[in-house]
Every structure is written in C-alpha cells, then in structure tokens.
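Colleague: Let me begin by handing over the structure; questions about it come next.
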Amino acid sequence: MGRYVLRRLISAVPVLLGITVIVFAIMALIPGDPATAILGSYATPENVEKLNRDLGLDKPLVAQYFIWLGNMVQGDFGTSFSLNRPVIDEVLERFNATLVLAGTAFVICSVLGIAAGVVSAANQYGWADKAITFVVLLGISIPSFFLGMMMILYFAVSLRWFPVSGMWPIYGTRDIWALLDHLVLPASALAVVATGVIARLSRSAMLEVLRQDFIRTARAKGVHERGVIWRHALRAAMVSIIPVLGIQAGFVLSGAVYIEIVFQWPGVGRMLVDAILTRDILLVQGGVVFVAACYVMFNIVVDVAQSLLDPRIKT
Amino acid sequence: MIGFLKLLARNRLALAGGIVLFLVVVLALVTPLLPLAEPNVTNTSARFLRPFSDGALMGTDHLGRDLLSRLLWGTRLSLAVGFAAAVVAATLGAAIGIIAGFYGGRTDNLIMRGVDMLMAFPYILLALAIVAALGPGLFNALIAVAAVNVPFFARNIRGITVGIAHKEFVDAARLAGLSNTKIILTEILPNVVPVIVIAMSTTIGWMILETAGLSFLGLGSQPPQADLGSMLGEARSALITNPHTSVVPGLMILIIVMAINLLGDGVRDALDPRLKSGALSRPMASTMVRRQGPVPEPEGKGLLEVQELQTQFHVRDRNYRAVGGVSLHVKPGECLGIIGESGSGKSVTVLSVMGLVASPPGVITGGAVRYDGADLIGAPYRKLREMRGRNVAYIFQDPQATLHPLYRVGDQLKEAIRAHHGIGRDEGRARAIELLKAVRIPNPEQRLTDFPHEMSGGMRQRVGIAMALANDPDIIIADEPTTALDVTVQAQILSLLDDLRRSRGLAIVFITHDFGVVGQLCDRVAVMYAGRIVEEGPTQAVLEAPTHPYTARLMACVPELGGGKRRLEAIPGLPPVVDNLPMGCAFADRCDRVQADCRKGEIVLERQGARAVRCLHPVTPLTEAAE
C-alpha cells in the first residue's frame, strides 16, 4: 500500500511540472512589455523596474521559468502588488475559506448524489425515479450563480433563515455555529450541479451493476432486496462512482468561484477574479498553480481510496 | 436517419426541449427586426420599472434600459458566443484528436500527455489564467471557454479515430497510395463527423453556461454591450431591491440550457442501442407474473413440481416464448438432469422456480411451480425471499461472475447464512469454515479471507456450492455448474455433488448440455428443445435407447474414450428463434427423419411408463423403449 501511494506521488511530479509550464506559457502570452501589462499603464517606472527585476524578465524565457519554479518550490510565490503582501500568505488564507466551502459542498453532493442515484435506479421508471430525474435535470441546467442569488432572495431576505452573505458575522462570536449559519446557503448552492451529475452517473452505474450475475446470486441466497441494492449493487457501483467524485471535486472547486462572488465568501476564487480585474498577475499565477497542485494531490487521495475499495487493483 | 428522428420524436421531453430551443433561436435571429427599444439607451428617469409597466413589458434596469430588448439582444449574443465556442473547441479538439489517433506512436503519446495535463486542472483555473493573460472581454472569454473544452473533444475523437485507423478501408486507401492528408480528409473525417456533432450538441449548453459565468464575473462582455451573464452580473447589486432585473436574464439562461440538455439527452438515448433493446432495465426483485388461464391443480408428484410452466421475454413488441409449457418434478434425494442446447429454455425454466428470471424482460405467463404442494408463482416476494437459499438453493455456471468480486468469500458465506438465521460473528465464522470443509477446500481458515479473484475456477465453484449448502436446502438447482471448468476439475465437482446428495439426501436439478455429465450423476433426464420437453425418462434407459431424434443426435455429440474412429456428429443448423415457432415439431427443419405430418399441428408429449417423447416418428418406438 505504502509503495502504491509513493508511486502515485512520484507520478504526480510530471503533472505538477506540466501545470507550471502551462501557466507560465499562458502568462508569457501577455502582449507587449509584461511588466507594464501586469501593472497597467499608470504604473510608476520604479514599480515596473522592480517587477522586471522580481520576475527576472531581462533573462531568456527558459531561465525565467526555472527561476520562477525554483522560487515556488521554496515557497516564494512573489509579492502581490495590489495587496502588498506575499502571494503565498494571501493564497493560503483564502484557500482555507474555499476549502471550508467546497469541502462542505463536496460532502453534500457526494452523499445526496449517490443516494439519489441509488434510489432512482432501484425504482427505475417509478415515480421516485421520474421525480429525481426531473430535479436532477433542473439542477444541472441552472447556473449556480443564479441559483445562489435566488436562494439569497428567498431564504435570506424573505424568510430570514440565514445571513445574506459573508463567512462570519460582522459582530459577535466566530464559533462553529456562526460559520455553519453562513455556510448553509452557499454550500447548498454550490453542491446542486455536482449532486445532479453524481446522481445521474450513480444511477447508470447502479443499473449496469444490477444486471450482473452476482446480483442474481445474492437474490438466490435469499438476501433481502434492501441488502441487494445497498450492500451488493452499491458496493460494486462505487468502483465506477469514485472516479466521478474525483472529477466532480474539480467542478465544485470551479463552481466555488461564482458562489464566492455571489455570497461574498472570502475564498481563493474571489481573490483570483479580483486579481484579474486589478491585473495582479503574480497573484493570479500563484493562486492558479497552488489550487491546481492541491487538486492533483486530491486526485491521488481518490486513487488510493479507489484501490482500497477494489481489491482487484494491483497495489 | 428517419428512424432516428422518429425515435427522438417519441421522447416527449426531448421534443419539448427541441421546440423551446427552436423558438429561442428563432427569437434571437429575428431580434433586429422586432420593434424593440434600443438595448443600450439609458433613461435614468425610468430606472427599475417593474415588469408589465407602460412601454416596458419586462421593466427596466438600473440605467432605465428596456429589459425585454436587452434580454433578446443578450440571448442573441449568448447563443452566438456559446455556439462559436463549441465550434472552435470541436474543430480544434477534433483536429488534435484525429492527428493523435491517426499517427499513433510518439505523436499520440506526446499529444495525449499534454491533453491529460490540461485535464488535471479544474477547468475554471485555466479559463481564468487565459482571461488574465488576454484581458477581460467577450472575445477573450470565448477563447478561454473554447480552450478549456479542447481536451475533452481531443480525447473523445482520438478514441474514435484509433478505432477507425486500423479498419480495412483505411488500409486499402493506404495501399492505393493516398497521402495521409487525403486519407484523413476522405476516409477518417466523414466517419468522425457524426461523433463530433453529437459531442458538440451535448456540450453546447455547458459552453453557454461557462461564457455566461465569465461574463457574470465581469470578465466577459464589457458594458454597455451585454450577454445574459453580464446582465445578471450587473443586476446583482440590485438583487434585493429589484429582483426582477436578476430573475429575467437568469430564467432565460435556465430555459436555454434546460432545453439543450433535454434535447441532448434525447439524442443520446435515441442513439444508444442498449436502450432500445431494454438491456438497460433493472431486473426486479422477483420475476413478473402475468398468468393467463387457470392454475393447474397439484398432482403431488414430488417435492418440487413444475406444471405447464410458461415464461416469456417481452422485448418491445415481440414475445419470445423461452419456456412453452414445461412440466417436471423431482423427489427428495433424486437427481434430475435437464439437457439441451444453449437457448433451449432450460436455465429459464429453473430460474422461474424462485422468480429469478430477469424481469423486465421476463414474464411468467402460465403454469405453476409447487414446492411441497404450495404454488410459488404469484407468491408474495416476502415468501419467495424466505425460501430462496433456505428451501431451494442455486449453483450458477460461471463462478467468476456469480460471486461478488469485492467481498471476501468468508463474508459472502456468512451473509448467505445470515439471510435466514440470526447468528453471531464467531458462530458465523465457524459455520463458514465448516461449509468450506464440506466442499473439500484445503486450509479453510485461510481461504475465508480470500477474494474470489484470488481463487482458481474450481475453488470458486466449490465456494459457490458451499454457499448453496449454507442453509441446508432440500433442493439444489445447479445451472451448468461445470461448464466453465476444465475436465479434471469438472469430474471433482461432479463427484462432490454426488457425495453431498447421498450424505444429505438433497434433491438436485442439474442443467447441462453434456450427456456424459448426465450419465454420471442423474437418475432421470429431461431433454429440452425450443422451450419444451421433447423426451423424458430414466437416464440409463434414455442412454440405451433414445426415442427422440434430437436426443439421439445430442448423444452422438459426446466423444467416447476408446470409442474408436466413430465420427463426432454436429447437429446441422440452429435452434429456431422462439418468437415465431413453426407449426408442429420445432426440430423438423434439422431432423433427418422428418415427414410431412411433422409440420401439420401440435405434437403431444406421449407417455408410456417412465418414458415420454414428443415425436411422431421416434428412433425407437415408445412402447419398445419403455420395456
């Protein structure tokens, strides 16, 4: 097992390098003098000069890449000029907030999505299946930012059940209950699309499994139908559901950008959008690389979970 | 193509989606011709007019601009950008995919590595990085959304191309001396285009959502021009005071994307052949029963009695009569063999006993199955479940597929017991070890924790048998348990079953297509053909003097050790398809003794003592055979 994890970690290195190359290449696309482009036309000459020096822009591209990479490996992602603080500090702080939001949404969509898919498959063509299929279709068609706005209107403004926005109350204690209170709406809005996708895939994975011979064996043993569905079929279907969860985690992370804007959540997505609008390129670069790297790591966790779940995978 | 459109039209939801989408597209196309207010003319004295006010059907926004006009122009823009992004992504992705798939080798490897790399990103990070580099703007957002989706197309199209690149017609083109470019354009591309179009139709809704998203963030269309996303983004600041400015564009996105998704699902379903055949249906907990005609009276012939059983498969508008009126019985301690070719209905007959025929499409349409006199067909599921494994247990053909691949065999054994008896952990383990011992598995303690894939075929089948024995059933139904095994293992399994039968007084119903196996194990044998029994009798008697020509031909298929230079004779032709059986004898077309009267009408199963045959011109006359 340990060896398998190690092997997966090693195989992630080229992917991580590839990510840095892609991000670097995209940033190299910026036309004209990069420093001026980054800082905007109102930048002071000192700032432009400092940035040129910071980025090593006087050197050839390849050298620039390796300097940038070397700095990042040492934890130096540069300094955000708009915030005037190290990029890594800002990213870490913001990423925490995103993790709380996206993590909660991920748990919600995994549990709800799989449950809905199983119920749907177990009652194929029945009313529960039809109802779930319809809700799922609605869920994957609604833009999450619109859904978030409507939820604010109804649950926060009309019913006053939850706060309108933010992560913490402006006054009052910052305890877990305050956080949960602020988390319910954005996490639900964020989970909706992924729940729909996971439900769809779980349903078809379950239908696929339910036709297999070992299900008939379970029934022939006299196992109760509930056991056939939840113990035999779901266990086998999980093998194809888990990779989907890994992919959906990426979508949840992506969707978090919109939800963070709508709910004023102090996460990394909102930071990135602000950074783009203020042309704070170093902050964008650092944020993108950091989040992408975390996602790659998360996918290793998914792979390991998969190998634990399926003894047929050679580890 | 017409069939496809018909199928699509039959799907009412897809049709509705198609109509809505058509209307929206038409509306977007004629927008410039409509008598609308200018979308970008501001009028601050008429800000935030409510919907249905004078001169502004949908009200006005924060700058007093007419919402209806902006909505239609915005829809136009969103559709155009979404569509353009889809076309760009599909074209680029297809080009990359075709090149990778066609050239293969290092080119393929290099390209696909890059594609995988791009897919390792959460897509929005890539889109944001691109917009950050190019600067906000609708065109740049379009580029970003298209670029993010290129890998998806590249990967799909590559898969298809790899399949095509090795087909004969491509080789032929190559031999004809065509250049690679020409082969790609004339041979590969036409075969890939339908896939590209389908992939595009399923992603276009997604593209519209994505560009709307970037515009919503303020990174797409810049004021005063607005697509649906930026309308929503601008309206956000007035969400609480004037929600209609948000609701109008938001609902429009929802309507468009939902219509596209409905249509896309319909297209996918219409193209999926498995859906047509009903192969994606979930089998219910027990077989559907729709008995026509009266239930036969009990005859008290044996422990298990199958009477005039009819089981059919209803697929679309066709009825396959897999079992067409079969009567069988088995007494305690007796072994009954059922023999026949694949598709003769023997498995379906025995699976019907405990309602294990997959349903849909299986339906039991007539007859009765009696266990100890009580009819099981139409018995409530609860009763069937209680009897499964406890009174009647099954052993199936391929133990690789019939054991759950992800549970340890010990747990599967314990579960079999626990399905009927509440037992503790230690007791379950002890019982499981006992069972493995009973089927002569060495080191049962260690084997408990094996997964099925860690065992050999013979060992797995022993586990299958142990599972069937778990609750001391009276009857074991073995559905070709040795077919997937090699000959020496087959012999071991057969002698094991024979010993168990004698030591435990089990009744066994043994299904096979091998007369050699029947001779070793069975007291009586029933021969099935096209869903009916054509001959029945004590094994020894049938082997010595077969009456039905089919039985005789089946026996000729068994090689005999030391049998000299006898020719092994295959039976010419195939069994008839059971949805349209011929008049008279179903074997007539393959029979060398066939006469005109064989095809005239129903031929009954004639009985004489222990023997029975369904033939007008038997090999050995029944009266003679019965002696």
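The values are calculated or read from the model by the stated rules, or taken from the named source; none is laboratory data. Since the structure is predicted, the reported quantities are computational estimates derived from the model, not experimental observations. Glycine gets a Cβ as well: all are built from the backbone with ideal geometry, and neighbour counts include every protein chain shown. What goes into the accessible areas is simple: the full protein's heavy atoms, side chains included, and nothing from ligands, DNA or RNA. Shrake-Rupley method; radii C 1.70, N 1.55, O 1.52, S 1.80 Å.
Colleague: I need the full set of residues from the stretch B:85-103 which are open to solvent by 30 Å² or more (accessible area, probe 1.4 Å) and within 15 Å of residue B:143 (Cβ to Cβ), in order please.
Modeller: B:87, B:88, B:91, B:92 - these are the residues of the stretch B:85-103 that are open to solvent by 30 Å² or more (accessible area, probe 1.4 Å) and within 15 Å of residue B:143 (Cβ to Cβ).
Here's the yes/no breakdown for (1) in contact with a strand residue (DSSP E or B) (Cβ under 8 Å, 6 or more places away or on another chain); (2) under 30 Å from residue A:289 (Cβ atoms); (3) of a type outside the set (Ser, Thr, Tyr):
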| site | (1), (2), (3) |
| --- | --- |
| B:45 | no, no, no |
| B:48 | yes, no, yes |
| B:66 | yes, no, yes |
| B:72 | no, no, yes |
| B:77 | no, no, yes |
| B:115 | no, yes, yes |
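Colleague: When you go through (1) open to solvent by 10 Å² or more (accessible area, probe 1.4 Å); (2) in contact (Cβ under 8 Å) with a residue 60 or more places away in the chain; (3) not basic (Lys, Arg) one by one for residue A:280, which number turns out not to apply?
Modeller: All conditions pass for residue A:280, except number (1).
Colleague: Among the residues of the stretch A:223-246, count how many are outside any helix (DSSP H, G or I) and more than 7 Å from chain B (Cβ to nearest Cβ).
Modeller: Residues flagged as outside any helix (DSSP H, G or I) and more than 7 Å from chain B (Cβ to nearest Cβ) within the stretch A:223-246 amount to 0.
Colleague: Quick check on my filter: what residues within the stretch B:196-244 are in a loop (DSSP other than H, G, I, E, B), within 13 Å of another protein chain (Cβ to nearest Cβ) and aliphatic (A, V, I, L, M)?
Modeller: Scanning the stretch B:196-244 gives B:217, B:219, B:239, B:240.
Colleague: So in the stretch B:29-56, with the set limited to residues that are surrounded by 15 or more Cβ atoms within 10 Å (Cβ to Cβ) and within 17 Å of residue B:246 (Cβ to Cβ), which one is nearest to the chain's Cα centre (by Cα)?
Modeller: In this case the residue turns out to be B:51.
Colleague: To continue, here is another question. Report the residue count in the stretch B:98-122 for those that are part of a loop (DSSP other than H, G, I, E, B) and at negative phi.
Modeller: The qualifying residues number 3.
Colleague: Tell me yes or no: at least one residue of the stretch B:451-459 is touching a residue at least 24 places away in the same chain (Cβ under 8 Å), away from every other protein chain (no Cβ under 11 Å) and in contact with a strand residue (DSSP E or B) (Cβ under 8 Å, 6 or more places away or on another chain).
Modeller: Looking through the stretch B:451-459, none of the residues is touching a residue at least 24 places away in the same chain (Cβ under 8 Å), away from every other protein chain (no Cβ under 11 Å) and in contact with a strand residue (DSSP E or B) (Cβ under 8 Å, 6 or more places away or on another chain).
Colleague: Answer with yes or no whether residue A:296 is open to solvent by 10 Å² or more (accessible area, probe 1.4 Å), within 21 Å of residue A:96 (Cβ to Cβ), away from every other protein chain (no Cβ under 11 Å) and within 21 Å of the chain's Cα centre (by Cα).
Modeller: No: the conditions fail for residue A:296.
Colleague: Restricting to the stretch A:135-173, give me the number of residues that are assigned to a helix (DSSP H, G or I) and in contact with a Pro (Cβ under 9 Å, 6 or more places away or on another chain).
Modeller: Total satisfying the criteria: 8.
Colleague: Give the stretch B:395-430 a look and list any residue that's open to solvent by 20 Å² or more (accessible area, probe 1.4 Å) and in a helix (DSSP H, G or I), or say none.
Modeller: B:400, B:401, B:411, B:414, B:415, B:418, B:425, B:426, B:427, B:429, B:430
Colleague: Moving to a separate point now. Out of all the residues in the stretch B:377-394, is one or more within 8 Å of chain A (Cβ to nearest Cβ), buried (at least 20 other Cβ atoms within 10 Å of the Cβ) and of a type in the set (S, T, N, Q)?
Modeller: no
Colleague: Sticking with this one: Looking for whichever is without any contact (Cβ under 8 Å) to a residue 24 or more places away in the chain and within 37 Å of the chain's Cα centre (by Cα) here; the options are B:518, B:509, B:487, B:463. Which one fits?
Modeller: B:487 is the lone residue from the list that is without any contact (Cβ under 8 Å) to a residue 24 or more places away in the chain and within 37 Å of the chain's Cα centre (by Cα).
Colleague: For residue A:174, which of the numbered conditions (1) away from chain B (no Cβ under 12 Å); (2) under 30 Å from residue A:124 (Cβ atoms); (3) basic (Lys, Arg) fails to hold?
Modeller: Condition not satisfied by residue A:174: (2).
Colleague: Quick check on my filter: what residues within the stretch A:105-139 are away from chain B (no Cβ under 13 Å), among the β-branched types (Val, Ile, Thr) and either under 19 Å from residue A:250 (Cβ atoms) or open to solvent by less than 10 Å² (accessible area, probe 1.4 Å) (or both)?
Modeller: Within the stretch A:105-139, A:107, A:108, A:111, A:114 meet the criteria.
Colleague: State all residues of the stretch A:211-222 that are surrounded by fewer than 23 Cβ atoms within 10 Å (Cβ to Cβ) and not in a helix (DSSP H, G or I); if no residue qualifies, say none.
Modeller: A:211, A:212
Colleague: Condition first: in contact (Cβ under 8 Å) with a residue 40 or more places away in the chain and either touching a Ser or Thr at 6+ places or on another chain (Cβ under 7 Å) or open to solvent by 30 Å² or more (accessible area, probe 1.4 Å) (or both). Now tell me which residues in the stretch B:104-122 satisfy that.
Modeller: B:111
Colleague: In this structure, does residue A:14 turn out to be in contact with a strand residue (DSSP E or B) (Cβ under 8 Å, 6 or more places away or on another chain) and at pLDDT 85 or above?
Modeller: Criteria not met by residue A:14.
Colleague: For the stretch B:123-133, name all the residues that are out of contact with any Ser or Thr (no Cβ under 9 Å at 6 or more places or on another chain) and either facing chain A (nearest Cβ under 7 Å) or outside any helix (DSSP H, G or I) (or both).
Modeller: B:128, B:129, B:130, B:131, B:132, B:133
Colleague: Does residue B:37 satisfy the condition of being of a type in the set (A, V, I, L, M, F, W, C), assigned by TED's automatic domain parsing to the domain that holds residue B:219 and either in contact with a Gly (Cβ under 9 Å, 6 or more places away or on another chain) or part of a helix (DSSP H, G or I) (or both)?
Modeller: no
Colleague: Please go through the stretch B:453-467 and give me each residue that is closer than 19 Å to residue A:218 by Cβ and among the aliphatic types (A, V, I, L, M), ordered by number.
Modeller: Residues satisfying the conditions are B:455, B:463, B:465, B:466, B:467.
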